[in-house]
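Visitor: Pasting a structure below so you can have a look.
The values are calculated or read from the model by the stated rules, or taken from the named source; none is laboratory data. This structure is a prediction, so every number in the text was calculated from the model and none was measured. Heads up, the Cβs are rebuilt from the backbone with ideal geometry, glycines too, and the neighbour counts pull from every protein chain shown. Accessible surface is based on the protein model in full, side chains and every heavy atom, while ligands, DNA and RNA are left aside. Shrake-Rupley method; radii C 1.70, N 1.55, O 1.52, S 1.80 Å.
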There are 2 protein chains.
Amino acid sequence: MNEPKKQLHLNLFILSTGHHEGSWRHPDAQPQLATSLDYYQQLAKTAERGKMDSIFLAEKYRLTPLIKYRVIPQLEAFTLLSAIAAVTEHIGLTATASTTYNEPYHIARKFASLDHISGGRTGWNIVTSTGDATAHNFSKEHHLDHKVRYERGKEFVEVVKRLWAGWSENSLLVDKQSGIYADVSRIKGAEFAGEFFSVKGALNIPRSPQTHPVLVQAGSSEDGKQFAAELAEVIFTAQNTMEEAIAFYTDVKSRLKQFGRSEDKLKILPGFIPFVGDTEAEAKAKERELNKLAVSEYGIRSLSDLLKINLFQYPLDGPVPLEDLPSIDEIQGQKARFQLYVDLARRENLTIRELIIRTAGGRGHFTFAGTAVQIADEMERWLVNGAADGFNLMPALLPGGLDDFVNKVIPELQKRGIYRTEYTGSTLREHLGLTLEHELVTRS
Amino acid sequence: MNEPKKQLHLNLFILSTGHHEGSWRHPDAQPQLATSLDYYQQLAKTAERGKMDSIFLAEKYRLTPLIKYRVIPQLEAFTLLSAIAAVTEHIGLTATASTTYNEPYHIARKFASLDHISGGRTGWNIVTSTGDATAHNFSKEHHLDHKVRYERGKEFVEVVKRLWAGWSENSLLVDKQSGIYADVSRIKGAEFAGEFFSVKGALNIPRSPQTHPVLVQAGSSEDGKQFAAELAEVIFTAQNTMEEAIAFYTDVKSRLKQFGRSEDKLKILPGFIPFVGDTEAEAKAKERELNKLAVSEYGIRSLSDLLKINLFQYPLDGPVPLEDLPSIDEIQGQKARFQLYVDLARRENLTIRELIIRTAGGRGHFTFAGTAVQIADEMERWLVNGAADGFNLMPALLPGGLDDFVNKVIPELQKRGIYRTEYTGSTLREHLGLTLEHELVTRS
Ligand SMILES: Cc1cc2nc3c(=O)[nH]c(=O)nc-3n(C[C@H](O)[C@H](O)[C@H](O)COP(=O)(O)O)c2cc1C
Ligand SMILES: Cc1cc2nc3c(=O)[nH]c(=O)nc-3n(C[C@H](O)[C@H](O)[C@H](O)COP(=O)(O)O)c2cc1C
């Protein structure tokens, strides 16, 4: 008898007209639907038709002036996912929420509520946010330092887990006869007093189907990886090549032991931008068509922001000025992405223009253009070679890129026995093949 | 030709099994559905069938130990209303959010998002919260003083309005040809620096159908009334008798002029708890049946909390100890409700037990048991005598009390020409017969 094959997990990262910065200019794109509920509900239904584990929404608490060149507006994650929960049945719903600009009590309530509403389908992408521009919207002068952000993040997670775990299955008696509704001895407060937060609790929402959302992490710095190894059940990451992805995968998985966790408890999902064609040539043409739609001023400005250097001073077709860049230690923002771009430019000896084009579609995430069979080959290769437990699917163009993937690539993955043909569980944690780890409920 | 009759506005205040504290013990009550989306969606659909202006959810950021005796859990307002928006078409969706424990940037985003999702059906019940128990869930030792809460509240509202008004109708160019998505000169930041908040802005969600939610206020203290007269479009209030309601109505309406607003710009909706029967006797029996289900220990404890005195020390059938109560100036919490209870006990010379029973169903809100005709008579009387612009309907028992009202009282109101038979507008503000006041958009 054959051993059961390792199963691929798929999350759909939803972003307006798609992840390519020029996608909104594509003839098929409908940028005017960026604030339309129906548009997002349709995407979620397509992902559900594709039996994916979950959809995911990023979340920023500021407006970048780069909105001049691309679709930035997006509905708020909790309200949008809740309205999507109402019209879907199976698919997981992962919302981003920052530990730097929120209160644990609010976040605990929102996830508990969404978990009830969706019947246990929530995930939480735990981020620490980037940049002073966000701080300026929250009565703060500066964003917290990278290290402090993660310290605060850990405390934040500890508090919300205590709030969620404060309720047990039998906290509610609901005894109409005696008039006793709740057994208050079975509802515990967080009783937490730390460096950043002091929260007495208890939560005013009973234990939800999953107890707490699946915990997701998306930082790839040293602090980020430790955080994930200790606390997360899923990690999103940007990996440009399979070799880098293997190194990352091995590194992160090896860290789990120190927290008493086995390697299968944390699913690693690198971003993946597929271009699906009936022929390889057609797929590559789709990619080129989008690349042509990128606005070069946008590219120079966003790359300047990331690399902390004004690239308008340099010739667009000259080399990326690697010697003039700050060192990684000086980067307080997106350390991992900074490193990824520098490595890419160095390895392939790129000009500024080339680096912009190479990253326009996916900001350093793995991109692949080919037929459904070629794409499935590539995904399976990552899966069996220990580069990924699945992918964070980031279609360059929406909804077209998603439709292509679901109609053509998913059947190919199913045929190989590495992807579900029906949902078997009902919660997101079940879709991911995970169970609630006792240590992840609360450490108290 | 007859003058068009003044129209009655109805808001449904949704609360688990109903507003009577003993409602969950009623044989028809389904307290196990307090966290069920479907239950709330059905209530909203019934209210929509009854052509009501809106549904409304209260919101507390703490758990009271009184959960021992009554259904306290409720889903979080934004997630719940969003999932309700997805299955309704017309009815307004009013969420409570506190200005004391939130950040303006988050609240601005959530309402903008819900307003997009619902096609312009949102309302915001602006509250300042009560009690140290809430403070303890937000890393604070004490709740802010009553006066400071309202100062902070005003600043909060100013900030969110600037964020909402920062976008204009034509901020988005969406010019695929030139690659210009937004006209950044038409997106303004809040640029606010005040005593409590400093928020640069701009919001990252475009102008929503209503520009901003209908602003609702529910405090009845001196500060609360001034706040409402200056900023609110709807006021919820607890008034025990028509005479008190007229005094309140006259008082609040007369305050509008000082802010350059006409009297019709603020709709006053007292709470109303109807018991509908086919005969008056049947209605009164329904009321008595619920009163019998109130747990006396709950009543004594919650009344003690409100009056800031330990009533367990006094005989239950003795008079309310009016002389031993603190003065209203010492009350930092619910000033208006404190006054209402004291007045009621004095006027009717009540014992502690009697005061508990009188307030068990509706915490001092107007209660009336009768036939559909009698109830419609009473509502019309309040409407034409300048006691109310409509009501905040608070059924003692849900869903039964709402079904009765929609099936029996609504047709009676419609027959009299004081209540719509079809929705004519599409936004909540239109349902209320209001337009967006320029001064309410932003003062800057
Ligand atoms: C797929 C993916 C999605 C992300 N989504 C968000 C987001 O929604 N909001 C945010 O502030 N950061 C987001 N991030 C950024 C990271 O969570 C993290 O804050 C950032 O990478 C800096 O952390 P690091 O220095 O540990 O890498 C995302 C990263 C990845 C890979
Ligand atoms: C119908 C109604 C609903 C209310 N809902 C809430 C609520 O959800 N959350 C809250 O903290 N206060 C709520 N309140 C309380 C008031 O908004 C206000 O905070 C309180 O009455 C104290 O203010 P005051 O002293 O000005 O009356 C409500 C009051 C009324 C009349």
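Visitor: Are there residues in the stretch A:108-126 whose accessible area shrinks by at least 20 Å² when all protein chains are included rather than the chain by itself, and which are they (probe 1.4 Å, ligands and nucleic acids not counted)?
Guide: A:R109, A:K110, A:S113, A:H116, A:I117
Visitor: Note the distances from A:G119 to each other copy's matching label point, with points 7 Å along the Cα-to-beta-carbon direction, in nm, sorted shortest first.
Guide: From this label point to the equivalent ones elsewhere in the assembly: 2.7 nm.
Visitor: Moving on to the next point. Let a ≥ b ≥ c be the square roots of the eigenvalues of the Cα gyration tensor of the stretch A:21-104; is it rounded (a/c under 1.5), or, if not, prolate (a/b larger than b/c) or oblate?
Guide: Details: a/c = 2.16, a/b = 1.09, b/c = 1.97.
Here the stretch A:21-104 falls in the oblate category.
Visitor: Which residues' amide hydrogens lie under 5 Å from the amide hydrogen of B:S198, considering only partners 5 or more residues apart or on another chain, with H built in the peptide plane?
Guide: Sorted by chain and number, the residues that satisfy this are A:S139.
Visitor: Measure off 7 Å from each Cα along the Cα-to-Cβ vector at B:K45 and B:K308, then give the distance between these two points in nanometres to one decimal.
Guide: That separation, rounded to one decimal, is 4.7 nm.
Visitor: Another question, if that's okay. Apply the Karplus curve 6.51 cos²θ - 1.76 cosθ + 1.60, θ = phi - 60°, to the phi angles in the stretch B:269-278 and return the couplings in whole Hz, x for Gly and Pro.
Guide: 10, x, x, 9, 10, x, 10, 9, x, 6
Visitor: Separate question: What does the C-alpha gyration tensor say about the overall shape of the stretch B:247-341? Classify as rounded when a/c is under 1.5, otherwise prolate if a/b is larger than b/c, or oblate. If you can, show how the numbers build up before the last one.
Guide: On the way: a/c = 3.30, a/b = 1.23, b/c = 2.68.
Oblate, since a/c reaches 1.5 and b/c is not below a/b.
Visitor: Could you pull the copy-to-copy label distances for A:E437, with points set 7 Å along Cα to Cβ, in nm to one decimal and sorted shortest first?
Guide: When each copy's label point is compared with this one, the spacings are 5.6 nm.
Visitor: Additional query: When only the heavy atoms of the protein chains count and the probe is 1.4 Å, how do B:E230, A:E3, A:E222 rank by accessible area, highest first?
Guide: Working: B:E230 30, A:E3 160, A:E222 110 Å².
Descending order: A:E3, A:E222, B:E230.
Visitor: Also: Given charges of +1 on the Cβ of Lys and Arg and -1 on the Cβ of Asp and Glu, with all other atoms neutral, how large is the dipole of the protein assembly as shown about its Cα centre, in debye to the nearest 20? Before the final figure, lay out the partial values.
Guide: Details: 104 positive and 114 negative charges, 16 e Å.
With only Lys, Arg, Asp and Glu charged at Cβ, the dipole is about 80 debye.
Visitor: Follow-up question, since we're still on this one. Counting only protein heavy atoms and using a 1.4 Å probe, what share of the accessible area of the stretch B:337-393 belongs to carbon plus sulfur, as a whole percent? Mind showing how you got there, number by number?
Guide: Values: 970 of 1990 Å².
Result for the stretch B:337-393: 49 percent of the exposed heavy-atom area is carbon or sulfur.
Visitor: What does the helix-only formula give at 222 nm for chain B: each DSSP H stretch with n ≥ 4 adding -39500 (n - 2.57), the total divided by the residues, and the result rounded to the nearest 500 deg cm²/dmol? Could you put the intermediate results ahead of the total?
Guide: On the way: 16 runs with 165 residues, N = 444.
Result for chain B, helices only: -11000 deg cm²/dmol.
Visitor: Here's another thing I want to ask about it. With only Lys, Arg, Asp and Glu charged, each at its Cβ (+1 for the first two, -1 for the last two), find how big the charge dipole of the stretch A:1-159 is about the Cα centre; round to the nearest 20 debye.
Guide: Details: 18 positive and 17 negative charges, 48 e Å.
For the stretch A:1-159, the charge dipole is close to 240 debye.
Visitor: Also, quick follow-up: In whole Hz and in residue order, list the ³J(HN,Hα) couplings for the stretch A:155-160 that follow from phi through the Karplus curve 6.51 cos²θ - 1.76 cosθ + 1.60, θ = phi - 60°; x for Gly and Pro.
Guide: 5, 4, 5, 4, 5, 5
Visitor: Taking a 26 Å limit on the Cα-Cα distance, which of the listed pairs A:K286/A:K308; A:K253/A:K286; B:K225/B:K308; A:K335/B:K110; B:K51/B:K335; B:K147/B:K308 fall beyond it?
Guide: Working: A:K286/A:K308 32 Å; A:K253/A:K286 35 Å; B:K225/B:K308 23 Å; A:K335/B:K110 30 Å; B:K51/B:K335 34 Å; B:K147/B:K308 19 Å.
Beyond 26 Å: A:K286/A:K308; A:K253/A:K286; A:K335/B:K110; B:K51/B:K335.
Visitor: Ignoring ligands, DNA and RNA, how much accessible area is buried between chains B and A, both sides summed, with a 1.4 Å probe, to the nearest 100 Å²?
Guide: 5800
Visitor: Please compute the contact order of the stretch B:48-181 in relative form: average sequence separation of alpha-carbon pairs under 8 Å and at least six residues apart, divided by the residue count, as a percent. Walk me through the numbers before you get to the answer.
Guide: Numbers: 140 pairs, mean separation 31.8, N = 134.
Relative contact order comes out at 24 percent.
Visitor: In sequence order, what are the phi-derived ³J(HN,Hα) couplings for the stretch B:136-145 according to the Karplus relation 6.51 cos²θ - 1.76 cosθ + 1.60 with θ = phi - 60°, rounded to whole Hz, with x for glycine and proline?
Guide: Calculated HN-Hα couplings, in order: 5, 8, 10, 6, 10, 7, 10, 5, 5, 5 Hz.
Visitor: Putting +1 on Lys and Arg Cβ atoms and -1 on Asp and Glu Cβ atoms, find which of A:L344, A:I418, A:I84 reaches farthest to the positive end of the dipole of chain A.
Guide: Going by the charge dipole, the pick is A:I84.
Visitor: If you place +1 on the Cβ of every Lys and Arg and -1 on the Cβ of every Asp and Glu, how big does the dipole about the Cα centre of the stretch A:196-245 come out, in debye to the nearest 20? Don't skip to the end; give the middle numbers.
Guide: Working: 3 positive and 6 negative charges, 97 e Å.
Here the size comes out at about 460 debye.
Visitor: Looking only at the protein assembly as shown, where both bridge partners belong to it, what percent of the DSSP beta bridges are antiparallel (to the nearest 5)?
Guide: Values: 12 of 80 bridges.
Here the share of antiparallel DSSP bridges comes out near 15 percent.
Visitor: Now a separate question. Be a star and scan the stretch A:295-312 for residues whose amide nitrogen sits under 11 Å from the point 7 Å along the Cα-to-Cβ vector of A:T351.
Guide: Residues passing the 11 Å test: none.
Visitor: Output the antiparallel fraction of DSSP beta bridges having both residues in chain B, as a percent to the nearest 5. Before the final figure, lay out each step's value.
Guide: Details: 6 of 40 bridges.
Of the beta bridges lying entirely in chain B, close to 15 percent run antiparallel.
Visitor: Calculate, axis by axis, the spread of Cα positions in the protein assembly as shown along the three principal axes, and write the results as whole Å, longest axis first.
Guide: Principal extents (largest minus smallest coordinate, Cα): 89, 63, 46 Å.
Visitor: What whole-number value in Å² describes the accessible area per residue of the stretch A:284-400 for a 1.4 Å probe?
Guide: On the way: 5100 Å² over 117 residues.
Accessible area per residue: 44 Å².
Visitor: Heavy atoms only, probe 1.4 Å: what % of the accessible area of the stretch A:178-293 goes to carbon and sulfur, would you let me know?
Guide: Details: 2210 of 4380 Å².
Here it works out to 51 percent.
Visitor: Another one. Give me, ordered by chain and number, the residues 5 or more places off A:T367 or on other chains with an amide H under 5 Å from its own placed amide H.
Guide: Result for A:T367 returns A:I273.
Visitor: Also: Measure off 7 Å from each Cα along the Cα-to-Cβ vector at A:E141 and A:N2, then give the distance between these two points in nanometres to one decimal.
Guide: 6.4
Visitor: Another one. Using a 1.4 Å probe on the heavy atoms of the protein chains only, list every residue of the stretch A:16-39 that has 40 Å² or more less accessible area in the complete assembly than in its chain alone.
Guide: When all protein chains are present, A:W24, A:R25, A:T35, A:L37 each give up 40 Å² or more of accessible surface.
Visitor: Further question on the same structure: Assuming R0 = 60 Å, can you tell me the calculated FRET efficiency for the pair A:F368 and B:E323, based on Cβ-Cβ distance, to the nearest 0.05? Please list the in-between numbers first.
Guide: On the way: r = 81 Å, r/R0 = 1.36.
So the FRET efficiency works out to roughly 0.15.
Visitor: Collect residues whose amide H, placed 1.01 Å from N in the peptide plane, falls under 5 Å from the amide H of B:L215; neighbours closer than 5 in sequence don't count.
Guide: HN-HN under 5 Å from B:L215: B:W124, B:E233, B:V234.
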